[in-house]
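Peer 1: Structure provided below as structure tokens; questions to follow.
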Amino acid sequence: MRSTLFCALALASAFVFAAPVVAHHGFSVEFDETKPVTLTGVVTKMEFMNPHIYFYLDVKDANGKVVNWAFEGSPPNILSRQGWRKDTVKPGDMLTAKGFRARDGAHLVACTTITFQDGHQLTVGPGNIKAYDKN
Amino acid sequence: MSHPSRSAFIGVIVALLALPFFTACSGRPAGGAQASGPPDLNGVWSAPFTPDISKPLGHQPPFTPYAADLFKKEDEIDDPLTQCLPIGPARGIQAGLMPFQIVQTPAVTAILFENQRTFRIINTDGRSHPSDVDPTWFGDSIGHWEGDTLVVDTVGLNDRTWLDTAGHQHSDQLHLVERFQKVDADNIKWTVRFEDPKFYTEPWSVTLPIKRQNTEIMSYSCEENEKDRAHLRRTNKLNK
């Protein structure tokens, strides 16, 4: 069932209105393109809200300590056009999320993609930073 | 308990959306749709996201010394959109990130931006600009048809919006002239002319394609769950 859902999402993503998006601020004022990060953990909360969606992962660090990270993505309108729904990511899901860390050192990431345990990948935010900065 | 501005907004939208149906029921063609009349611009549209308006221009606009100095020092943390302020009339089209809907009637054409659910009212009933306009976020717009082109003249803009994400700014003397030329059913050629003697030594124009979108206007509210501002830092990256 999940495979069917994600096939549908992937197919939808190929045809919808596409826009590189950070909804209301530039990338560089908040995130550091020199600090890419890949983290795996369990979703603790999903906020499918404006101006950015947020989801939160409990991630174990090298010492086994669990840290709750926040991941920011495109707003719901953009993601909805890519096939997302409010429960596309939900608490309990195990994800690997890629993105770029916040400049202020917070456990906050501008998320570009997520990969579910079954291998399906979804775009969460723009992968090309410069597409929405000053170029 | 409803907020007055929200009620006014809803009223305007309902009236604009309903008007074509009333004209259809009266036996008269909807505005702009008749074969002999102006083209029909109704629909949902989008221009390519253009965060730096100097790119389609091919060079920096002709800054006055004052504007050149301001632009050099500009930091994107100061972008009004970061504060969830309105996007402004031209940026809403060329760098709104989200589509907009045109609702066209004989006397009024409205542009409904998905971005912050803001809107422009363009009066096409032959009126002139008021003689004394208090500056506002979207100004005072009047329009007329020149063949297949809706020509929109806008004054009365405040100086608080940016023209783009890159930090090109303007004063309250900004005068916009836009040409919405209907090319075919799914394409509009949009040309915007920026005139602002305080910021630019001469008027300059850019042209972008606007394409019909197979979507509907969705919701977008910048303040709903805003969490970024606490994390923003100055980039200290000077513009060229």
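Please treat every number below as a calculation from the coordinates, not as lab data. In this text, all values refer to a predicted model and were calculated from it rather than measured experimentally. Cβ atoms come from the backbone with ideal geometry, glycine included; neighbour counts cover every protein chain shown.
Peer 1: When you scan the stretch A:34-83, how many residues do you find that are in a strand (DSSP E or B) and more than 11 Å from chain B (Cβ to nearest Cβ)? Give the steps one after another, and end with the answer.
Peer 2: Within the stretch A:34-83, the subset in a strand (DSSP E or B) is A:34-47, A:54-60, A:66-72.
Those left that are additionally more than 11 Å from chain B (Cβ to nearest Cβ): A:34-46, A:55-60, A:66-69, A:71.
Qualifying residue count, the stretch A:34-83: 24.
Peer 1: Something else now. Do the conditions hold for B:Q173, that is, is it in a loop (DSSP other than H, G, I, E, B) and surrounded by fewer than 16 Cβ atoms within 10 Å (Cβ to Cβ)?
Peer 2: yes
Peer 1: Something else about it: Answer with yes or no whether B:E216 is within 20 Å of B:D79 (Cα to Cα), within 14 Å of another protein chain (Cβ to nearest Cβ) and in a loop (DSSP other than H, G, I, E, B).
Peer 2: Details: within 20 Å of B:D79 (Cα to Cα): no; within 14 Å of another protein chain (Cβ to nearest Cβ): yes; in a loop (DSSP other than H, G, I, E, B): yes.
Taking the combined requirement at face value, the residue does not satisfy it.
Peer 1: Which residues, taken from the stretch B:45-64, are of a type in the set (G, A, S) and either within 13 Å of another protein chain (Cβ to nearest Cβ) or under 16 Å from B:W190 (Cα atoms) (or both)?
Peer 2: Residues of the stretch B:45-64 that are of a type in the set (G, A, S), as a first pass: B:46-47, B:54, B:58.
Correct list: B:S46, B:A47, B:S54.
Peer 1: Another question, then. On the basis of being farther than 21 Å from B:V103 by Cα and outside any loop (DSSP other than H, G, I, E, B), does B:T191 make the cut?
Peer 2: Considered against the rule, which asks whether it is farther than 21 Å from B:V103 by Cα and outside any loop (DSSP other than H, G, I, E, B), B:T191 comes out as no.
Peer 1: Quick one: what pairs do we get from the stretch A:91-108, first residue facing chain B (nearest Cβ under 10 Å), second in a loop (DSSP other than H, G, I, E, B) and surrounded by fewer than 19 Cβ atoms within 10 Å (Cβ to Cβ), C-beta under 6 Å, 6+ apart or different chains?
Peer 2: A:R103/B:R233
Peer 1: For the stretch A:90-118, enumerate the residues that are among the aliphatic types (A, V, I, L, M) and within 20 Å of A:F31 (Cβ to Cβ).
Peer 2: Our first condition is that a residue be among the aliphatic types (A, V, I, L, M); within the stretch A:90-118, this holds for A:94-95, A:97, A:102, A:106, A:108-110, A:114.
Once the filter is applied, which keeps residues that are among the aliphatic types (A, V, I, L, M) and within 20 Å of A:F31 (Cβ to Cβ), the stretch A:90-118 yields A:L95, A:A97, A:A102, A:A106, A:L108, A:V109, A:A110, A:I114.
Peer 1: Could you figure out which of (1) within 25 Å of B:N225 (Cα to Cα); (2) not in a helix (DSSP H, G or I) isn't true of B:H144?
Peer 2: Among (1) within 25 Å of B:N225 (Cα to Cα); (2) not in a helix (DSSP H, G or I), B:H144 violates only (1).
Peer 1: Which numbered condition in (1) surrounded by fewer than 18 Cβ atoms within 10 Å (Cβ to Cβ); (2) within 12 Å of chain A (Cβ to nearest Cβ); (3) among the charged types (D, E, K, R) is the only one that B:D125 fails?
Peer 2: Every condition holds for B:D125 apart from (2).
Peer 1: Within the stretch B:35-76, how many residues are touching a residue at least 60 places away in the same chain (Cβ under 8 Å), under 25 Å from A:V29 (Cα atoms) and among the acidic types (D, E)?
Peer 2: Total satisfying the criteria: 4.
Matching residues to (1) more than 10 Å from chain A (Cβ to nearest Cβ); (2) touching a residue at least 12 places away in the same chain (Cβ under 8 Å); (3) within 12 Å of the chain's Cα centre (by Cα); (4) not in a loop (DSSP other than H, G, I, E, B):
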{"residue": "B:L81", "(1), (2), (3), (4)": "no, yes, no, yes"}
{"residue": "B:L85", "(1), (2), (3), (4)": "no, yes, no, no"}
{"residue": "B:G92", "(1), (2), (3), (4)": "yes, yes, yes, yes"}
{"residue": "B:G96", "(1), (2), (3), (4)": "no, yes, yes, no"}
{"residue": "B:I102", "(1), (2), (3), (4)": "yes, yes, yes, yes"}
{"residue": "B:P106", "(1), (2), (3), (4)": "yes, yes, no, no"}
{"residue": "B:A110", "(1), (2), (3), (4)": "yes, yes, yes, yes"}
{"residue": "B:R120", "(1), (2), (3), (4)": "yes, yes, yes, yes"}
